[in-house]
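Reading through the structure tokens given below for one structure.
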Amino acid sequence: MKQLSTTEITEVWKKDKDHHIHPWTDFATFKDEGAMILAHGEGCYVFDAEGNKYLDDIGGLWCVNVGYGRQEIADAISEQIMQIPYYSAFGHHTSIPAAKLSAKLAELAPGNLNHVLFGCGGSVANDTAVRLIHFYFNQLGQPSKKKLISRKDGYHGSTYISMSLTGVEFDHIGFDIDRELVHQISCPNPYRRAEGQSLEDFCNEKVQELENKILELGPENVAAFFAEPIMGAGGVIVPPPGYHKKALEVCHKYGVLYVSDEVVTAFGRLGHFFASESEFDIVPDIITCAKGLSSGYLPLGATIISDDIAKVIGKPQADGALFTHGFTYSGHPVSCAAALKNIEIIERENLLQHVNDVGQYFEDQLHTLIDLEIVGEVRGKKFMMCIENLANKNTKELFPSSVNVGSRIADYCQKDGLIIRPVGHMNIMSPPLILNKDHVDFIVTTLRKAILSTTADLKREGYLSS
Ligand SMILES: Cc1ncc(COP(=O)(O)O)c(C=O)c1O
């Protein structure tokens with residue numbers, strides 16, 4: 001690892017602070033504090049520019065699934081660059097990695113999802129799904145079918161349409177979204193269901209809400225429903241049992257396509273290549289994915305569509321017209337080569353089984369934190385977990401948002417060599433899939449200490465009674 005001098009580190013820090021606009025950043029504090037420079041990664045660990053070591057419990061950003069420092073992926077990337085670094089996939093050209101990866105995704109995806117459009121990430125995969133769905137209904141002679149339904153607290157990305165699909169209200173502050181095209185229903189968060197309501201009743205209520213929304217908008221106007229199998233950035237919300245299956249039935253009753261946004265859940269995070277069928281027993285019409293597809297080694301996203309949709313979009317249109325969608329970097333050969341090697345590693349090292357084994361231990365150990373005064377709920381599955389911190393566990397009352405309880409806990413963890421993600425009052429975890437039981441023990445011990453220190457601070461500041 002190349003170590004920078006203190007002067008060099010300060011120079012880099014200043015260049016970044018003065019010129020690099022960071023996503024999801026509070027400029028008020030950033031202009032003085034700048035960013036932590038991550039300079040190196042190995043396995044489950046990352047190192048800052050000073051050489052301090054951290055266990056990366058967020059996998060970069062839900063994405064470094066096979067862990068850091070994989071020489072094999074670096075080799076696959078450099079070999080492909082020397083073979084041919086780029087060629088457009090427009091029209092009748094392709095590359096060996098793009099051809100092989102699309103066939104591999106068709107093999108791994110459920111049902112008859114056998115056709116792939118590539119892009120550069122998750123937002124673009126969802127945007128692509130929307131353009132494709134509109135084109136599909138135009139081709140079918142149903143041009144009024146355009147509206148999209150998504151859920152509060154869902155996250156689908158940051159392009160104009162994918163942010164309009166996103167239901168995290170905080171993410172919309174100060175920006176515009178398309179409220180004509182996208183309509184939202186509530187979040188199926190079982191923790192917030194009415195006192196005494198059964199999970200089954202809660203599930204039926206949420207599915208009924210979807211059906212009501214389709215009827216309100218008119219089935220002839222509704223094109224698709226977008227849902228993450230488990231909501232990620234909205235707080236790792238695991239829906240009640242049967243929710244997705246019933247929602248899919250409702251969609252199909254009204255000719256509405258079901259898009260499963262597996263940007264986070266695919267490629268092992270829940271112990272399967274895709275969670276839709278393996279974990280939730282549904283075969284959606286479209287799956288979007290990114291992140292773990294290339295383990296973040298290079299940008300890549302994919303929109304995987306069914307044979308039925310492919311048949312319709314593949315029908316000749318008006319004379320000379322084309323399927324005019326795609327990007328310069330659709331099917332980028334080097335990104336596809338990285339993804340192929342990444343999938344090979346997941347298969348060869350049996351990482352899906354590993355996630356199933358260690359994931360259960362991770363869940364069980366994190367659940368021991370429920371005895372802490374401010375921990376209201378520990379939820380999630382396998383390598384996708386969340387802790388919800390509350391001012392009052394009995395009433396489920398939140399701390400004022402200015403308290404930034406999630407950030408306080410994350411800061412304490414970071415001081416002790418653990419990176420976890422603060423999202424409002426919650427802390428989210430999505431580690432590399434190679435996490436082992438010793439790592440889990442370290443995470444849980446460090447978190448317990450951080451939550452206790454935060455609790456003591458909040459008592460001192462009068463946010464909790466002593
Ligand atoms: C479920 C989901 N969909 C879409 C996206 C957007 O992906 P990207 O940031 O690669 O555009 C994300 C990103 O976190 C996500 O979690």
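The values are calculated or read from the model by the stated rules, or taken from the named source; none is laboratory data. As the structure is a prediction and not an experimental result, all values here were calculated from the model. All Cβ positions, even for glycine, are placed from backbone atoms using ideal geometry, and neighbour counts span all protein chains on display. The area values use the complete protein model at the heavy-atom level, side chains included, leaving out ligands, DNA and RNA. Shrake-Rupley method; radii C 1.70, N 1.55, O 1.52, S 1.80 Å.
Residue-wise test of (1) open to solvent by 40 Å² or more (accessible area, probe 1.4 Å); (2) of a type in the set (A, V, I, L, M); (3) within 14 Å of the ligand (Cβ to nearest atom).
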| site | (1), (2), (3) |
| --- | --- |
| 254 | yes, no, no |
| 260 | no, no, yes |
| 263 | no, yes, yes |
| 275 | no, yes, yes |
| 281 | yes, no, no |
| 298 | yes, yes, yes |
| 301 | no, no, yes |
| 311 | yes, no, no |
| 317 | yes, no, no |
Return only the number of the condition from (1) out of contact with any Pro (no Cβ under 7 Å at 6 or more places or on another chain); (2) in a loop (DSSP other than H, G, I, E, B) that residue 191 does not satisfy. (2)
Need pairs with beta-carbon distance below 7 Å; first residue over 17 Å from residue 146 (Cα atoms) and within the range 190-219, second hydrophobic (A, V, I, L, M, F, W, C) and open to solvent by 30 Å² or more (accessible area, probe 1.4 Å); sequence gap 6+ or separate chains. 190/199
Please work out which one of (1) under 30 Å from residue 423 (Cβ atoms); (2) assigned to a helix (DSSP H, G or I); (3) more than 20 Å from the chain's Cα centre (by Cα) is the condition residue 60 fails and give its number. (3)
Identify all residues within the range 9-32 that are open to solvent by 80 Å² or more (accessible area, probe 1.4 Å), of a type in the set (Asp, Glu) and at pLDDT 95 or above; write none if there are none. 11
Sort out which residues of the range 207-230 are surrounded by 21 or more Cβ atoms within 10 Å (Cβ to Cβ), within 21 Å of residue 179 (Cα to Cα) and either within 16 Å of the ligand (Cβ to nearest atom) or among the small types (Gly, Ala, Ser) (or both), and write them in order of number. 223, 224, 225, 226, 227, 228
Scanning the range 149-163 residue by residue, the ones that are more than 11 Å from the ligand (Cβ to nearest atom) and aliphatic (A, V, I, L, M) total 2
Pick from the range 90-149 the residues that are assigned to a loop (DSSP other than H, G, I, E, B) and within 16 Å of residue 292 (Cα to Cα): which of them is nearest to the chain's Cα centre (by Cα)? 121
